[in-house]
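Q: One structure, pasted below without further comment.
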Amino acid sequence: QKVTHPRFKAAILGATGTVGQRLVRRLHDHPWFRLTTVAASARSAGRAYGDSVHWLLPTALPDRVARMEVCEVSEVEDCDVVFSALGSAGARELEPQLAGRGLMVVSNASALRMHPEVPLLIPEVNPDHLDMLDHQSFGSGGVVTNPNCATVGLVLSLKPLADAFGIEAVQVTTLQAISGAGHPGVPSLDILGNALPLIPGEEDKLETEPQKILGSVSGGAFSPAAFRVSAQTNRVPVVDGHLVSVSVKLNRPASPEAARKAIEDFRSPVADFDLPSAPRRPVIVAEDGPRPQPKLDVDRGEGMTVTVGRLRSCPVFDLRYVALVHNTERGAAGAAVLNAELMAATGRLGRA
């Protein structure tokens, strides 16, 4: 099944921020979406986008987008999908308002991730959770969220193991890139030659989001998966790429060889939709040795593939491994665009 619709009109909220810029890069020439609105704070409204943004990406700012006039986030209208890169406080207030006005909101913000009516979506993991859009009470529109940037890497690495063996408990320690803190981010004197063993709010997200994603939906309600997660998070002086070091207790013990086969055999349940941003393999096993590494592996699958390495037995649980996720692509902008692609492919956009 392939999408045959005309291109959907898209807006970006928080378009001048770091995630907003990556959304601009992904959407300006997207085959299914046409970027028609860029929205930001009042101080940017009324100005050309090129005059408002401190462009941080190595690719050039597209001329057409640079000439677009920025509007305020509350003024967005006349679009099929709204990509939200707002902060949590603004998202909690504005995203339900936009949905109430009939707009479909695809959010990178954390504000509504654990809302009892809102899908926390990874298309290759829980595409059926989109059914919750039929049970939302925001109005004629809807809200879909993507997970925390480290959660995406953890869950994509766990999904094949959960399917094959079941999961009882997870212990995860993260080494998270500075780009996850936005721009200008962490002060250089704090992070250079150093590591910060606290990222406020991150551990709670890693300990609650995976169960919602790997749980089930029935009768308009979520049933979270029953396994437990213990998380510790650290900020390290890497630009892009979160490493997650994982130990897993399985329901049915498995050898590293069996786990490797489960990961290598995993196939996306939405592969037949040919989603433009979907990697051919959402999760892969790296070659033996000290891999994955952010410098060498973060851009696999155009930043959308999670790489697993050092898969071996665990003397406390059953298995241990390291996984790498591109935090600003698979963990943010790319994740939101992929979610919207699945919504388009399943008839969730342009319904009004």
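The values are calculated or read from the model by the stated rules, or taken from the named source; none is laboratory data. Remember, it's a predicted structure, so these values are computed and weren't measured experimentally. Neighbour counts run over all protein chains shown; Cβ positions are idealised from the backbone, glycine included. To get the accessible areas, we keep the full protein, side chains included, count just its heavy atoms, and leave off ligands, DNA and RNA. Shrake-Rupley method; radii C 1.70, N 1.55, O 1.52, S 1.80 Å.
Q: Residues with beta-carbon under 12 Å from that of Arg43, excluding Arg43: net charge, scoring Lys, Arg +1 and Asp, Glu -1? Before the final figure, lay out each step's value.
A: Numbers: positive: Arg47; negative: Asp51, Glu72.
Overall, the nearby charge balance is -1.
Q: How many lysine pairs are close in the chain, with Cα atoms under 24 Å apart and the two 8 or more places apart or on different chains? Each step should come with its number before you reach the end.
A: Working: Lys159/Lys205; Lys159/Lys212; Lys159/Lys249; Lys159/Lys261; Lys205/Lys249; Lys212/Lys249; Lys249/Lys261.
Eligible lysine pairs with Cα atoms under 24 Å apart amount to 7.
Q: Treating only the Cβ of Lys, Arg, Asp and Glu as charged (+1, +1, -1, -1), what charge dipole size does the chain show about its Cα centre? Round to the nearest 20 debye. Present the calculation step by step, with values, prior to reporting the outcome.
A: Numbers: 35 positive and 38 negative charges, 86 e Å.
Magnitude of the dipole: close to 420 debye.
Q: Label-point separation (nm) for Val316 and Ala271, each offset 7 Å from Cα along Cα-to-Cβ?
A: 3.6 nm
Q: Using only alpha carbon pairs under 8 Å that are at least six residues apart, calculate the relative contact order of the range 93-174 and give it in whole percent. Working shown, then result.
A: On the way: 104 pairs, mean separation 28.3, N = 82.
Value for the range 93-174: 35 percent.
Q: Quick one: if the Förster radius is 30 Å, what FRET efficiency do His183 and Glu77 give, using the C-beta to C-beta distance and rounding to 0.05?
A: Values: r = 28 Å, r/R0 = 0.95.
Efficiency for this residue pair is about 0.60.
Q: Here's a follow-up. Putting +1 on Lys and Arg Cβ atoms and -1 on Asp and Glu Cβ atoms, find which of Ala226, Ala195, Pro253 reaches farthest to the positive end of the dipole of the range 180-296.
A: Pro253
Q: Heavy-atom accessible area per residue, the range 48-123, 1.4 Å probe: how many Å²?
A: On the way: 3260 Å² over 76 residues.
Value for the range 48-123: 43 Å² per residue.
Q: Would you please give the residues with an amide H less than 5 Å from that of Val283, counting only those at least 5 places away or on a separate chain, with H modeled from the backbone geometry?
A: Val306
Q: Now for a different question. Which is the longest run of the chain containing none of the trypsin sites (Lys or Arg not before Pro) found in DSSP loop states (not H, G, I, E, B) with at most 16 other C-beta atoms within 10 Å? Intermediate results must be reported in sequence, preceding the final value.
A: Working: sites that count: Lys2, Arg7, Arg43, Arg47, Arg101, Arg267, Arg280, Arg351.
With trypsin sites (Lys or Arg not before Pro) excluded where exposed in loops, the chain gives 102-266 as its longest stretch.
Q: Taking 0.36 nm per residue of separation and subtracting the Cα-Cα distance, what length does fully extending Ala42 through Leu57 add?
A: Values: separation 15, 0.36 × 15 = 5.40 nm, distance 2.34 nm.
Value of the extension gain: 3.1 nm.
Q: Taking θ as phi - 60°, what are the ³J(HN,Hα) couplings along the range 39-53 by the Karplus curve (6.51, -1.76, 1.60), each to the nearest whole Hz, with x for Gly and Pro?
A: Along the range 39-53, the couplings run 10, 8, 6, 4, 5, 9, 4, x, 9, 5, 4, x, 8, 9, 9 Hz.
Q: Charges at C-beta only: +1 for Lys and Arg, -1 for Asp and Glu. How large is the resulting dipole of the range 215-352 about its Cα centre, in Debye rounded to 20?
A: Numbers: 18 positive and 14 negative charges, 93 e Å.
In total the dipole reaches around 440 debye.
Q: Right, another one. Take Asn234 and Asp131, extend 7 Å from each Cα along the Cα→Cβ direction, and tell me the distance between the two endpoints in nm.
A: Label at Asn234, label at Asp131, 4.2 nm between them.
Q: Subtract the Cα-Cα distance of Lys261 and Ser223 from 0.36 nm times their separation in residues, and report this length gain in nm to one decimal. Numbers along the way, then the final one.
A: On the way: separation 38, 0.36 × 38 = 13.68 nm, distance 2.83 nm.
Stretched out fully, the Lys261 to Ser223 stretch lengthens by 10.8 nm.
Q: May I ask you to list the residues of the range 297-311 whose amide nitrogen lies under 14 Å from a point 7 Å from Cα along the Cα→beta-carbon direction of Asp288?
A: Within reach of a label on Asp288, which here means backbone N under 14 Å from a point 7 Å along Cα→Cβ, the range 297-311 contributes 310-311.
Q: When ligands, DNA and RNA are left out and all protein chains stay put, how many square angstrom of accessible area per residue does the range 151-249 have with a 1.4 Å probe? Can you show the working numbers first?
A: Numbers: 4110 Å² over 99 residues.
Ligands and nucleic acids excluded, the figure is 41 Å² per residue.
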